[in-house]
Amino acid sequence: MKIAVLSGKGGTGKTLVSVNLAAVAAPSTYIDCDVEEPNGHLFFKPEIVREELITVKIPQVDEERCVGCRECVRFCNYNALAYVNQKLIIFDDVCHSCGGCVLVCPEAALSERDKAIGKIEIGVSGDVSVYTGILNTGEATGIPIIHRLLEEGSDDGNKPVFIDCPPGSACIVMESIKDADYCVLVAEPTLFGAHNLNMVYELVKLFDKPFGVVLNKCLNEENPVDQFCSDKGIEILGRIPFDHELASLNSSAEIVAHKQDEYRELFSSLLETIVKKMGESAGSKRDGVLSDLKKMSGDTVSGERGEALHGSHSTCSDGSVKGVKPKEVRSEAAVDS
Amino acid sequence: MKVAIPADSKSMDSKVCASFGRAPYFVVYDTETKDSVFVENTAASGTGGAGIRAAQIIADQGVGAMLTPRCGQNAADVFRSADIKLYRTNDHSIKENIEAFVKGELPLLEDFHAGFHGRNRGGL
């Protein structure tokens, strides 16, 4: 069970939601894919058990062999190569590691070398496995790090996995959600928040992922995001109040669900709602394809993981809920404490 | 010597283009023959590394000096390798900037902004 938490902009509460969901779901796995500025580790304060350097391939030239034909310069769509004064110049941080220049060089003058772009840290914090991706400052893309993080973190037994995504809806977010079974979109109660929600809404629709919205920083007044969700028929999974105590604990890098019963209840209830919705999405799909799944694999459809969490909800195992469209139901499953 | 200037349009009376890598044209002016040629900047529409490709285009024109209001670090690296000197233009027309250059009145351009994927990304 992989749940991705995303939002159209930073600061909406992705880390608050994903950290606290992972905390109440423990034993669980938390993966921080916000590799440009990972901060989930500040809350979990994990004991690091392993580090792995992440490298990409960068071309290097053998000047003895280079004849200046410029095939590589012409080929590079990213303009990472230039040839002046009988010399090839390679711009490492513009290179996207496609390897094309090496392939097109007729003189075999180009080869590849490893270049470190960051690392992943694997740690433990109580019953939560914490995976953190860290991209070195100035690097073009964190995708290789996210790829490796998800490869490592998703292979951690049958524990539920919570993916804390980077903000926005660009390639790094796509990489983070591509194998997720469910997407939780976090939004702020403003017009700007509704605009940003729309970006990730379009993304999860494009990826055909089941999803729901969590409204953060809720006040007892008109909420443009409520209207947006109502217009689009998007399910609201829960609401987190604009609460001084919660904000204060969170900004002190405390896991609020560990600090107060009312917050633990808030996130437990949210988790329960998410698992229930996942079961419903899987169920609507399952009605049609159950027999096919059974033919494919005897245990593809299993209730074990959901039951492990909540005793009664069933959910599909990895992959089998992919491609399920969210039900167009307006539901306000409030998780207010 | 040939000099190059980024141009918004194909006119010597127009202002110097504010961008180097994304300029639509470059004027290549020969200070000896006084001939000028407008070269299309095919790098302008690229998704990234426009400065590098633009500097390659300029270098391939056999230019000795580049007159521009600004330049990125990556393009500056290409110019340095190609032994092309950089001079800072002013708010006047392309023609007036060339005249100022010929009289030795344009200062060298020595501060470069970080590339889009810049190594030296920092505050303004």
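Details
- Cα centroid separation, region A:62-141 to region A:215-277 (Å): 42 Å
- For the pair B and A, total buried accessible area rounded to nearest 100 Å², probe 1.4 Å: 1500 Å²
- Debye log10 I(q)/I(0) for region B:2-102, one point scatterer per Cα, at q = 0.12, 0.13, 0.16, 0.25 Å⁻¹: -0.31, -0.36, -0.56, -1.48
- Shape of region A:122-197, Cα gyration tensor, a/c cut at 1.5: oblate
- Surface accessible to a 1.4 Å probe, per residue, for the residues of the protein assembly as shown, Å²: 46 Å²
- Binning all Cα-Cα separations of the protein assembly as shown at 20 Å, short to long from zero, yields these whole-percent fractions: 22, 40, 29, 9, 0.
- Counting lysine pairs in region B:2-102 that sit 8 or more residues apart in sequence, or on different chains, and whose Cα atoms lie under 13 Å apart gives 5.
- Flagged links, alpha-carbon separation over 22 Å, of A:119/A:209; A:14/A:217; A:159/A:276; A:2/A:209: A:119/A:209
- The portion of the accessible surface of region A:70-136 made up by carbon and sulfur, rounded to a whole percent, is 47 (1.4 Å probe; DNA, RNA and ligands excluded).
- Estimated Rh, region A:1-87: Kirkwood, alpha-carbon pairs, angstrom: 17.6 Å
- The Cα atoms of region A:39-164 cover 59, 26, 22 Å along the three principal axes, with the biggest extent listed first.
- Qualifying aspartates and glutamates (Cα of each under 12 Å from Cα of residue A:232; at least 8 residues distant if same chain): A:202, A:328
- Relative to the compact-globule estimate of 2.2 N^0.38 Å, the Cα radius of gyration of region A:148-187 comes out at 1.19.
- Working note: Debye formula, equal point scatterers on the alpha-carbon atoms of region A:56-116, no solvent; log10 I(q)/I(0) at q = 0.20 Å⁻¹ is -0.65.
The values are calculated or read from the model by the stated rules, or taken from the named source; none is laboratory data. Treat the numbers as computed from the prediction; the structure is a model and nothing was measured. Accessible surface areas use protein heavy atoms only, side chains included; no ligands, DNA or RNA. Shrake-Rupley method; radii C 1.70, N 1.55, O 1.52, S 1.80 Å.
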